[in-house]
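Chemist: Provided herewith is a single structure, encoded as structure tokens, for subsequent inquiry.
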Amino acid sequence: MEPPVLSVRGLRAHFVTRERTVKAVDGISYDLAPGRTLAIVGESGSGKSVHALSILGLLPTPPAKIVAGEILFQGRDLLKMPPSELRAVRGNRVAMIFQEPMTSLNPVLRVGEQIAEAVVLHQKKSQAEARAKAIELLRKVGIPHPDKRVDDYPHQFSGGMRQRAMIAIALSCEPDVLIADEPTTALDVTIQAQILELMKTLQKEFKTAIILITHNIGVVAEMADDVVVMYAGRAVETAPVGELFRNPRHPYTRGLLASVPSIYERKERLEAIGGQPPDLGAGDIPGCPFAARCPVAEARCKTDDPPQFSLPGGRMTACWKAEAEGAERTHRFAPVKGAAS
Amino acid sequence: MSPTPILEVRGLKKHFAARSGLFEEKATVKAVDGVSFSVMPQESFAVVGESGCGKTTLGKLVLALERPTEGSILFEGRDVGAMSRAELKAMRSRLQVIFQDPYSSLDPRMTVAQIIAEPWDIHGLHKNPAERAKRLHKLLDDCGIAKSFLDRHPHEFSGGQRQRVGIARALALEPKLIVADEPVSALDVSIQAQVLNLLKDLQKEHQLAYLFISHDFSVVRHLCTRIAVMYLGRVVETADSETLFNDPQHPYTEALLSAVPVPDPAVEKRRKRILLSGDVPSPLKPPPGCRFHPRCRYAVDSCRVSDPALDEARPGHAAACAVLPFKDRRSDAALVAL
Ligand SMILES: Nc1ncnc2c1ncn2[C@@H]1O[C@H](COP(=O)(O)OP(=O)(O)OP(=O)(O)O)[C@@H](O)[C@H]1O
Ligand SMILES: Nc1ncnc2c1ncn2[C@@H]1O[C@H](COP(=O)(O)OP(=O)(O)OP(=O)(O)O)[C@@H](O)[C@H]1O
Ligand SMILES: [Mg+2]
Ligand SMILES: [Mg+2]
């Protein structure tokens, strides 16, 4: 496989205030190759969005602080790059689309102007060229009559059209990496299907690598090549998508997959995970953060924090149960080689 | 003779005055535009459809929180529109609601005990403290709420816990029908499963009927035995749940089911998806003829002019389409090519 375009290594991002420290991201590592899709799943509050904002340098610092880790873009650490070079990468080589397109589009600017602005900024084109490019991009993302709709304001677009416009802006510079944070959560399923199809088509055309953040397990099954499962700020399992569904190794992943209802089968009971995820600001929990809800936890799970265990096939699980099978240990904060590659 | 439905809705319409366009022309939103169905005692009946199709408005009409523009609602065989104030109050104790948003639907100044017991105060019930405590504890047990929560306030709880409190409150008056408007949409999947299991258990134990409003087919399949699919203020298909999932007859239902991502990569790889073009049209200007025709892959000329009625072509299975139902389909229309 091609060398990764993006590698995240032992990333930790905390929110530090006088009262408390929220360990929002506390150990996540993966490799992402060109043209591939990596899905990041996990409960609400598990650190998915904070991780994405760290890559783009969009976290408010303070209170946020990148405590440790590397974010290698084409081999160079974004966390050590001088600001001028960083600007050329972020929003240009690495672009992002957010869950709520209305809040990320400027309501007083015409949609076309906003796309053209991105084009002018990153590609040094003239205004006229930029407008033509904006129309072309709107056509590409499936907006009907793009030559007319280019002059509409965001509120004249429906939710699905706004999300298309956001994708058009993100794609205006043909980024190498596209981070999509819950891109379809606010949309109806028929519109979601259109947007996911669009992302797949454009990915083929531009060889874009996609990081797809979602809590929708069905969307993961449809879109992902590889998956990182997050719990309480950490990556607890990493695997190719087929393997993850066939043979989930972390008890949280098993619980998560079992609790999802499907239109294909009617289960008498869903297998719910009891209890609640921990409060990430309540101080360090001894042992594994999932132990309190884990159906197979042993005594040491409540006292010893599990390391990450590498498994065959580029997989990783952060569960003590893997040790019995002789899996190789790595520290959660250390650079991990081969995760999800 | 068949038993009396707990809820019967006949030709129900709710139109709102609205303004639209540049010149603020007067317009009408036909939020609910001719809906009929009935729910039997202890049945879980789902209303499914995309955003803006009129589900919440329908729920509010059933709860008598909105007055219908046209049509009637019968609760246990009696016309709600003709009820006296006292009769309405009595009905409200037998008809309860669970809302989508567990954050805004509970009064933040009240304790959990006060929230759950408030309906008893309103209806002057169970005034004896010992009896009240006993009932309260039973509700907590049934809904999986720890006793230590009783004196705490809603903001101290997670979404799933708050939703349990909302459910306990809805059960306080021992209702026979619960209208649940997207009760698990705001919850994480692992918590959603807890609440869905709870709703299922409570239905058995308390002999409840549900009018379950949702945009999520997978949730509906798990909980409900009959389903009505709505599109732009109308019901376009009704059937029992298994029939609807295995043999949808309306082109919209077919496309909707094919658009739901399935949590199984092996299935997803083999699946054929029917992509609908365009957005859901505005209910301010529903298309003439069949409302679905601009997005329909089967539409013929007559669909542009004549509005199909909901036709019960097979017992218990009705669809509002002039072309597709119970005829041969295009071969590529199969939901999954297994
Ligand atoms: N500005 C902030 N200050 C303090 N804590 C924060 C801040 N932003 C996020 N957090 C905390 O960081 C943790 C991770 O949040 P994050 O938004 O990454 O979760 P998420 O996995 O994206 O959840 P969701 O699925 O709900 O979007 C949460 O506990 C959150 O409360
Ligand atoms: N009070 C009102 N005044 C004017 N229009 C209204 C009013 N209430 C609802 N509507 C409109 O009626 C239509 C149906 O709304 P409703 O809330 O019933 O949809 P819904 O199916 O519940 O959607 P969602 O899935 O987004 O909750 C929408 O177009 C909405 O804007
Ligand atoms: Mg998030
Ligand atoms: Mg609604």
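We did not get these values from a lab; they are worked out from the coordinates using the rules stated. If you're wondering where the values come from, they're calculated on a predicted model, not measured in any experiment. Neighbour counts run over all protein chains shown; Cβ positions are idealised from the backbone, glycine included.
Chemist: Run down B:ALA180, B:ALA170 and say which single residue is more than 12 Å from chain A (Cβ to nearest Cβ), over 30 Å from B:CYS303 (Cα atoms) and assigned to a helix (DSSP H, G or I). Outline the logic, then answer.
Modeler: Values: B:ALA180 fails: assigned to a helix (DSSP H, G or I).
Going through B:ALA180, B:ALA170 in turn, the sole match is B:ALA170.
Chemist: A:GLU268 is checked against (1) within 14 Å of chain B (Cβ to nearest Cβ); (2) within 21 Å of the chain's Cα centre (by Cα) and fails just one. What number does that condition carry?
Modeler: (2)
Chemist: Oh, and also: Run A:SER44 past the list (1) away from chain B (no Cβ under 14 Å); (2) within 30 Å of A:PHE290 (Cα to Cα) and report the number of the one that doesn't hold.
Modeler: (1)
Chemist: Can you pull out every residue in region A:59-73 that is out of contact with any helix residue (DSSP H, G or I) (no Cβ under 7 Å at 6 or more places or on another chain) and touching a residue at least 60 places away in the same chain (Cβ under 8 Å)? So that I can check it myself, show each step before the final result.
Modeler: To start, the set of residues in region A:59-73 that are out of contact with any helix residue (DSSP H, G or I) (no Cβ under 7 Å at 6 or more places or on another chain) comprises A:60-65, A:67-69, A:72.
The answer is A:ALA68, A:GLY69, A:LEU72.
Chemist: Confirm whether B:VAL195 is away from chain A (no Cβ under 14 Å) and among the hydrophobic types (A, V, I, L, M, F, W, C). Give the steps one after another, and end with the answer.
Modeler: Details: away from chain A (no Cβ under 14 Å): no; among the hydrophobic types (A, V, I, L, M, F, W, C): yes.
Here the answer is no, as B:VAL195 does not meet what is asked.
Chemist: For B:VAL235, all conditions in the list (1) under 30 Å from B:THR69 (Cα atoms); (2) surrounded by 20 or more Cβ atoms within 10 Å (Cβ to Cβ); (3) within 9 Å of chain A (Cβ to nearest Cβ) hold save one; what is the number of the exception?
Modeler: Against the list (1) under 30 Å from B:THR69 (Cα atoms); (2) surrounded by 20 or more Cβ atoms within 10 Å (Cβ to Cβ); (3) within 9 Å of chain A (Cβ to nearest Cβ), B:VAL235 comes up short only on (3).
Chemist: Filter region B:153-192 for residues that are of a type outside the set (A, V, I, L, M, F, W, C) and closer than 15 Å to B:GLN114 by Cβ; which is farthest from ligand 3 (Cβ to nearest atom)?
Modeler: Within region B:153-192, the subset of a type outside the set (A, V, I, L, M, F, W, C) is B:153-156, B:158-164, B:166, B:169, B:174-176, B:181-183, B:185, B:188, B:190, B:192.
Remaining after also requiring closer than 15 Å to B:GLN114 by Cβ: B:153-156, B:162, B:166, B:169.
Details: B:HIS153: 26, B:PRO154: 23, B:HIS155: 21, B:GLU156: 23, B:ARG162: 20, B:GLY166: 24, B:ARG169: 30 Å.
My answer is B:ARG169.
Chemist: Would you tally the residues in region B:42-75 being away from ligand 2 (no atom under 11 Å from the Cβ), part of a loop (DSSP other than H, G, I, E, B) and buried (at least 16 other Cβ atoms within 10 Å of the Cβ)?
Modeler: Number satisfying all stated conditions: 6.
Chemist: Related question: Could you grab the pairs with beta carbons closer than 7 Å, sequence gap of 6+ or different chains, first residue in region B:232-251 and among the basic types (Lys, Arg), second one not in a helix (DSSP H, G or I)?
Modeler: Pairs found: B:ARG234/B:ASP33; B:ARG234/B:GLY34; B:ARG234/B:VAL35; B:ARG234/B:ARG291; B:ARG234/B:ALA320.
Chemist: Where the second residue is among the basic types (Lys, Arg) and more than 16 Å from ligand 2 (Cβ to nearest atom) and the first is under 21 Å from A:ALA258 (Cβ atoms) and lies in region A:36-50, which pairs have Cβ atoms under 6 Å and are six or more apart or on separate chains?
Modeler: Sorted first by the residue in region A:36-50, then by its partner, the pairs are A:ILE40/A:LYS48; A:GLY42/A:LYS48.
Chemist: With the checklist (1) under 17 Å from A:LEU187 (Cβ atoms); (2) crowded, with 18+ Cβ neighbours inside 10 Å; (3) touching a residue at least 40 places away in the same chain (Cβ under 8 Å) in hand, flag the one item A:GLY160 doesn't pass.
Modeler: Among (1) under 17 Å from A:LEU187 (Cβ atoms); (2) crowded, with 18+ Cβ neighbours inside 10 Å; (3) touching a residue at least 40 places away in the same chain (Cβ under 8 Å), A:GLY160 violates only (3).
Chemist: When you scan region A:1-99 for strands (runs of 3 or more DSSP E) that lie fully inside it, which ones turn up with 1 or more residues that are among the hydroxyl-bearing types (Ser, Thr, Tyr) and within 10 Å of ligand 1 (Cβ to nearest atom)?
Modeler: Numbers: elements: A:6-16, A:21-32, A:37-41, A:64-73, A:94-97.
Result: A:21-32.
Chemist: Another question about this same structure. Anything in region A:190-215 that is within 23 Å of B:LEU276 (Cβ to Cβ), touching a Leu at 6+ places or on another chain (Cβ under 9 Å) and away from chain B (no Cβ under 14 Å)? List them, or say none.
Modeler: Once the filter is applied, which keeps residues that are within 23 Å of B:LEU276 (Cβ to Cβ), touching a Leu at 6+ places or on another chain (Cβ under 9 Å) and away from chain B (no Cβ under 14 Å), region A:190-215 yields A:LEU202, A:GLN203.
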